[in-house]
Amino acid sequence: MATVPTVHWHRLADGRVQCDVCPRACRLHEGQRGFCFVRQREGDQIVLTTYGRSSGFCVDPIEKKPLNHFLPGSPVLSFGTAGCNLGCRFCQNWDISKSREIDTLAAAAGPEQLAAAALRLGCRSIAFTYNDPVIFMEYAMDVADACRAAGIKTVAVSAGYMNPAPREEFYRHIDAANIDLKAFSDKFYEKITFARLDAVLSTLEYLRGTDVWLEITTLLIPGHNDGDDELRRQCDWLLEHLGTDVPLHFSAFHPDFKMRDIPRTPPETLRRARRIALDAGLRFVYTGNVHDPDGQTTRCPGCDAPVIVRDWYDLGAYELTDDGRCTRCGHRLPGVFDGPPGGWGRRRLPVVVS
Ligand code: SF4
C-alpha cells in the first residue's frame, strides 16, 4: 500500500484543495503535489503517497537522534521516507528530504512488520528521522500504534512545523521528540528554511504541556545563527517558556546542499553556545557532532556529580538508578529512564526490514 487518504485538508471556494497539515498551506489543483512532494491532490482530496515506504533502515544509538535523557545507551531503529515540508538550504539529509524518486524508495514495510523488526533487533524504540514525519504522519501514527502494542517506544525527529490540530493528533501516538530549533530569528527561518519561527515555537510550547519527552537541537552554522545575542535570546525564551530542564543540543554543521561555501562549525563555537545556555539557567546543555566529553556528560543538578559520562555516542561511567535517580544524592533526573543503560555504543547498523 502506498497511497492512503488523509483528513487534514479543506476545499476552497476557487476549486483548489488546501492541505492543513503544516503552515505552508499548499493549495492544490487536481494531480498537484504539495511542497513536501509526498502529499498530493487526487480525486478531490489530499492523499499521502508514501504510506509504508521507506528510504532505508538503520539501527543507531539513541544519542544520535539526539536524545540524552531517553533510555540512554539503547539502540533505536531509524527510518525515514522521502520529501520534507521545509526547504533548508543547509539540509544535512538532502538526498532523502529532496528526493523526488518515490518509486525507488528502498523498502516497503507495514507497521506490524516494523514493530516486529525493532523487537527482533533488540531496539527499545523506533525513530522517524532523516526526513520530517509531519509529512507522513498517517504512516508514522500507525507504526507508533503497532510499536505501543509490542512495548516499543517511538521518537519523532522533526522541525516542529505543524498546525495545531494535526499536531495534537500526531503526538498522542508518540513518546519522545527532538525538535530542531533552527535559529532564533524570523529572517533566518524565512530566508534559509522557507518556514516561520513562530510556528515552531508554538510546537515547543505545545509539547511542554504533553507527556511527550522533549529535547531540542540547534545546528550552529557559522555566521548565520551563532551570534551571542541570538543565542542568549533563544536560551532566555526556552527558559521562560519550557523551564530549566529541557535538554538543549548544539550540534556542528558540515558544508552541504546549498551551503557548501560555509565552513564547518568550530568546536569552540559549540562550547561558547553551551556556556551561554548554562549561564542563562538551562541545566542540560550538550554539544554534538564533536568529541567533547565535558560538553556531552550529564551532571546531577542535586550534587553536580557526573551521572552519565559520554564521548560522542559512547557511554562511560553511569551513576543513575534504574528509575533515573543519582546514586550519590538520590536526585531524580528529568527524562525517561527504565532499567540499566543500554550497551549499543556508537555503532550504526544498516538493516533490511522487508
Ligand atoms: S504537509 Fe506538505 S502538502 Fe501539506 S501544507 Fe505542508 S508542505 Fe504542503
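Taking a ≥ b ≥ c as the square roots of the Cα gyration tensor eigenvalues, with a/c under 1.5 meaning rounded and otherwise prolate when a/b beats b/c, else oblate, which class fits the stretch 4-48?
rounded
Once both axes come from the Cα atoms, what is the angle between helix 228-242 and the longest principal axis of the chain, in degrees from 0 to 90, rounded to 10?
Approximately 80 degrees, to the nearest ten.
Multiplying the sequence separation of CYS329 and ALA149 by 0.36 nm and subtracting their Cα-Cα distance, what value in nm do you get?
Contour length minus Cα-Cα distance gives 61.2 nm.
Find how many whole Å separate the alpha carbon centroid of the stretch 14-31 from the alpha carbon centroid of the stretch 161-197.
19 Å
For the chain, with the dipole built from +1 on Lys and Arg beta-carbon atoms and -1 on Asp and Glu ones, taken about the Cα centre, which of LEU197, VAL212, TYR171 lies farthest toward the positive end?
Positive-end residue among those listed: LEU197.
Can you give me the convex hull volume of the Cα atoms of the chain, divided per residue and expressed in Å³?
In the chain, the Cα convex hull volume per residue is 126 Å³.
For the chain, what proportion of DSSP beta bridges, expressed in % and rounded to the nearest 5, is antiparallel?
Counting DSSP beta bridges with both partners in the chain, the antiparallel share is about 55 percent.
Only four residue types carry charge here, +1 at the Cβ of Lys and Arg and -1 at the Cβ of Asp and Glu. Report the dipole size of the chain about the Cα centre in Debye, rounded to the nearest 20.
480 debye
For the pairs LYS64/LYS153; LYS65/LYS153; LYS65/LYS187, flag any whose C-alpha to C-alpha distance is greater than 21 Å.
LYS65/LYS187
Kindly provide the trypsin sites (Lys or Arg not before Pro) of the stretch 3-37 that DSSP labels as loop, not H, G, I, E or B, and whose Cβ sees at most 16 other Cβ atoms within 10 Å.
ARG16
Tell me the net charge near PHE136. Cut-off is 12 Å between Cβ atoms, PHE136 excluded, with +1 for each Lys or Arg and -1 for each Asp or Glu.
That works out to -1.
Quick one: which residues, 5+ away or cross-chain, put their amide H under 5 Å from the amide H of SER78? H built at 1.01 Å from N.
Answer set, sorted by chain and number: CYS58, VAL59, ASP60, ALA127.
Just going by the charge dipole of the chain, with Lys and Arg at +1 and Asp and Glu at -1 on Cβ, which of THR81, ALA149, LEU71 is farthest out on the positive end?
Toward the positive end, the furthest listed residue is THR81.
A short reminder: the numbers here are calculations on the coordinates, not readings from a lab. Just so it is clear, the model here is predicted, and its values are computed rather than measured. Cβ: placed from backbone, ideal geometry, glycine included. Neighbour counts: every protein chain shown.
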